[in-house]
Amino acid sequence: MSQTIHDTNIRLMLAVQSDDASAFEELMVRFQGRVQSLLRHLIGNREMAEDLTQDVFLRVFRARKSYQPSAKFSTWLFTIANNVALNQLRNQRRKPETQFGGETHENSSGATPEPAAGSETMPARQLDKVELREMVHLAVEALNERQRMAVLLNRFEGMSYAEIADVMQLTPQAVKSLLCRAHIQLRNLLQKYVQKGAAVGSSESPS
């Protein structure tokens, strides 16, 4: 119960449970951008992420009466977002011919394009902040779906192993192992790019 008292998001969700429309609007203000960013990284398409974000909050509203404040609100919310993303990715695999508009480096498979022409012969060098941020972004997108979700929740949402385990329906130890493999792959991808100018891609993507 103390968690409910101190967590303003839980208090807002309990107000939503009592059909408080303003509380629901406040939760959307707080979390809409974060959910959309997570989905964009997972799905690889900005417009689709916007549509799916609306779906996530629609599900939140529909499930308001069954909500139980047994964990942080964000854990419950991102569990819904994870399920929505997995459903969309399954649908995209069934219909590989479907293409959606979006950023040029994003696509439904999560694969990434090669850097600009000539980068394959680029010597090792120091990346500037903008380029490094872009390479990290591409490297994260080159991870498989589960690794990507775990990294995004850990690095960008600051979730603990236990919280990520709740979202992804895994054990904390499985999450730890998943993140370890993801970090190794990210390091290898970025080292290849910095040292050899190799394209950040998805040639290796262990589960």
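The values are calculated or read from the model by the stated rules, or taken from the named source; none is laboratory data. Everything numeric in this text was worked out from a predicted model, so none of it was measured. Positions of Cβ are generated from backbone atoms using ideal geometry, with glycine treated the same way; all protein chains shown enter the neighbour counts.
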Q) Looking only at the stretch 1-17, which residues are at pLDDT 95 or above and of a type in the set (Gly, Ala, Ser)? A) 15
Q. Where residues in the stretch 43-91 are under 19 Å from residue 7 (Cβ atoms) and hydroxyl-bearing (Ser, Thr, Tyr), which of them is surrounded by the fewest Cβ atoms within 10 Å (Cβ to Cβ)?
A. 66
(Q) Among (1) of a type outside the set (Phe, Trp, Tyr); (2) part of a loop (DSSP other than H, G, I, E, B); (3) surrounded by 13 or more Cβ atoms within 10 Å (Cβ to Cβ), there is one condition residue 166 misses while meeting the rest; what is its number? (A) (2)
Q.
Exactly one of these conditions fails for residue 142: (1) more than 18 Å from residue 74 (Cβ to Cβ); (2) modelled with pLDDT of 90 or more; (3) among the aliphatic types (A, V, I, L, M). Give me its number.
A. (2)
Q: Among the residues of the stretch 5-25, write down those that are more than 22 Å from the chain's Cα centre (by Cα), surrounded by 11 or more Cβ atoms within 10 Å (Cβ to Cβ) and more than 17 Å from residue 65 (Cβ to Cβ).
A: 7, 8, 25
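Let's see how each residue does on (1) under 19 Å from the mean Cα position of the chain (by Cα); (2) at pLDDT below 50; (3) not basic (Lys, Arg):
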{"site": "116", "(1), (2), (3)": "no, yes, yes"}
{"site": "124", "(1), (2), (3)": "no, yes, yes"}
{"site": "128", "(1), (2), (3)": "no, no, yes"}
{"site": "148", "(1), (2), (3)": "yes, no, no"}
{"site": "160", "(1), (2), (3)": "yes, no, yes"}
{"site": "169", "(1), (2), (3)": "yes, no, yes"}
{"site": "173", "(1), (2), (3)": "no, no, yes"}
{"site": "196", "(1), (2), (3)": "no, no, no"}
{"site": "202", "(1), (2), (3)": "yes, yes, yes"}
Q: Find all pairs meeting these conditions: Cβ atoms under 8 angstrom apart; at least six residues apart or on different chains; first residue within the stretch 54-78 and over 14 Å from residue 32 (Cβ atoms); second residue charged (D, E, K, R) and part of a helix (DSSP H, G or I).
A: 71/163; 71/166; 72/163; 75/163; 75/166
